[in-house]
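So the structure is just underneath, and the comments pick up after that.
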Amino acid sequence: MDQAAQEATQYQLKLSAEGEEGAFEELAAGGMTVTRLTDEEREAFKVTTTDVYDWFRQQGTEPNLDTYMEKIQVCNDKFTNGELEAITGVEK
């Protein structure tokens, strides 16, 4: 049963990714500019928005923000290093 659930989850993630891509294409066809950032642009965005994270930390409304950000960074690093599949996020 666990294997079936894992397979169903992977399949759903794949469908979601395909649907997302289709949505981007539809938006672009309708005249919207869809921007995909390079790794360098994404890093520059992170640096530029550091003050936003600091502001959220100061608000104290999300006590787990730093933990979430650390876990996101671990996943991003694994993806960048080729350790996670692009669509499912499953470790290779």
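No lab work stands behind these numbers, since they all come straight from the coordinates. Just so you know, these numbers come straight off a predicted model, no measurement behind them. FYI the Cβ positions are ideal-geometry reconstructions off the backbone, even for glycines, and counts take in every protein chain you see.
How big is the C-alpha Rg of the chain next to the rule-of-thumb value 2.2 N^0.38 Å, as a ratio?
It is 1.38.
How high is the relative contact order of the chain? Use alpha-carbon pairs under 8 Å, at least six apart in sequence, and give a whole percent.
Result for the chain is 25 percent.
Tell me which of P63, Q12, T48 sits at the most positive position along the dipole axis of the chain, charges placed on C-beta atoms (Lys, Arg +1; Asp, Glu -1).
The one lying farthest along the dipole's positive direction is P63.
Report the FRET efficiency, 1/(1 + (r/R0)^6), for E83 and T33, where r is their Cβ-Cβ distance and R0 is 30 Å, rounded to 0.05. Write out the running numbers ahead of the final one.
Details: r = 32 Å, r/R0 = 1.07.
Efficiency for this residue pair is about 0.40.
Rounded to the nearest 20 debye, what is the charge dipole size of region 1-56 about its Cα centre when +1 sits on each Lys and Arg Cβ and -1 on each Asp and Glu Cβ?
On the way: 4 positive and 13 negative charges, 14 e Å.
Using only the charged Cβ atoms, the result is roughly 60 debye.
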